1. Please work out how much accessible surface SER255 shows to a 1.4 Å probe, ignoring ligands, DNA and RNA, in Å² rounded to 10.
2. Beyond 25 Å between alpha-carbons counts as too far, so tell me which of LYS228/LYS261; LYS104/LYS136; LYS21/LYS254; LYS21/LYS109 fall in that bin.
3. In the full protein assembly as shown, how much of MET36 is accessible to a 1.4 Å probe, in Å² to the nearest 10?
4. Given the whole protein assembly as supplied and a 1.4 Å probe, what does the accessible area of TRP301 come to in Å², nearest 10?
5. Label points 7 Å out from Cα along the Cβ direction at PHE307 and SER255: separation in nm?
6. For ALA134 and ARG247, what is the calculated FRET efficiency with R₀ set at 56 Å and r taken between the beta-carbons, to the nearest 0.05?
7. Using a Förster distance of 41 Å, how high is the FRET efficiency between THR61 and ASP240, based on the Cβ-Cβ distance and rounded to 0.05?
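The values are calculated or read from the model by the stated rules, or taken from the named source; none is laboratory data. Computed from a predicted structure; not experimentally measured. Ideal geometry is used to build each Cβ from the backbone, glycine not excepted, and the neighbour counts take in all protein chains shown. These area figures cover heavy atoms from the full protein model, side chains too; ligands, DNA and RNA do not enter into them. Shrake-Rupley method; radii C 1.70, N 1.55, O 1.52, S 1.80 Å.
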Amino acid sequence: MVSPYSQFRPSFRCSRRSFLKGCGMVAAALGLSSEMVPSLVEAAASNTRPSVIWLHFQECTGCSEGLLRASHPDLASLILDIISLDYHETVMAAAGRQAEEALKSALEKGRGRYICVVEGGIPTKDGGIYCKIAGKTALELLHEVAGPAAAVIAIGTCASYGGIQAAHPNPTGAKGVGDILEGVPVVNVPGCPPNPISFLGTVLHYLTFKRLPECDALGRPLFAYGRKIHDHCERRPHFDEGRFAERFGDEGHKSGFCLYKVGCKGPSTYSNCPAVRFNDAGVWPVYTGHGCVGCTEPGFWDTMTPFYERLPDVPIPGDRGIVSSAEGAGKTVLGVTAAAMAVHAAVGIGKRLVKGSSKEKKGE
Ligand code: SF4
Ligand code: SF4
């Protein structure tokens, strides 16, 4: 039997099997129905790959590293099959004047049609002098390159909200792309680094539906950031039953109990980490025994620290686990806690201002 996908591009950087597998993973992450998968594959396999100009500002290159080292399937190859990466300072061979010419040429070739990806925060203090490339400030480059783009994707928490550079006292006045650009559609894909599937899903959504995905009030695509970590964490049953790790290495920790008391910020963090996981090992931080540090939230370096202290104001069940010194043991009945959690969830939902139509949710 001939595969319905057999007409799609015969020569992939990644194998055809990996290509289809990757598209399937993205379709699942986007919450698309199976009828929409061929459209997504068709968009991904189109010969007219969109030009992408990738800018680096105040950052550690972890977002590019996270993307390019992703595997199972080879997501880096998949991304390079889907887009035409015309400018990316970290991976391109050109340097110096050649690199400047590459940027000029990409701008002229794709004016108004390219996607601009920004990695890193943008310093705005003192005229933006704290980050300069080829004699231009990051601010100037952002306006020059992202201004005429068809769409802008801010990859990582630095480009989305300023990141660690914007942590108190924010000496360079670092900001995220969306706080600077006006009149240009910007979607934030935060994380430190973000999951490659969230970036790829955003790109493929744009290619398939010709528009950016539906976002929350913080500019994050709902398909990836629509739920709290805490609401789909595999340790949640332990939280609900009051079983906690009190210290790293104690019996509760060894038993895989909830990490809230050792600082997990999952109850205040929106991301798909428990569902999508990372790399070919299928793991994510909480699975390995470390709490979420809330890296997808704006200002997490200020608001989620100290990382190893518990979040305030999270109603927790009575501690009934094996840890004898558990604080508040037996003081809170589970019924009260369940009601409190419902309120907590409702407040969280209320915070999210949904933009645009809800068409995708209904089964695109
Ligand atoms: S507090 Fe953290 S470890 Fe515990 S259930 Fe929530 S997300 Fe999972
Ligand atoms: S588990 Fe939390 S800190 Fe870790 S990557 Fe996901 S959102 Fe970021």
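1. The accessible area of SER255 comes to roughly 60 Å².
2. Table pairs above 25 Å Cα-Cα are LYS21/LYS254; LYS21/LYS109.
3. Probe radius 1.4 Å; accessible area of MET36 about 40 Å².
4. Its accessible surface works out to 80 Å², give or take rounding.
5. That separation, rounded to one decimal, is 2.7 nm.
6. 0.65
7. Efficiency, from the Cβ-Cβ distance: 0.55.
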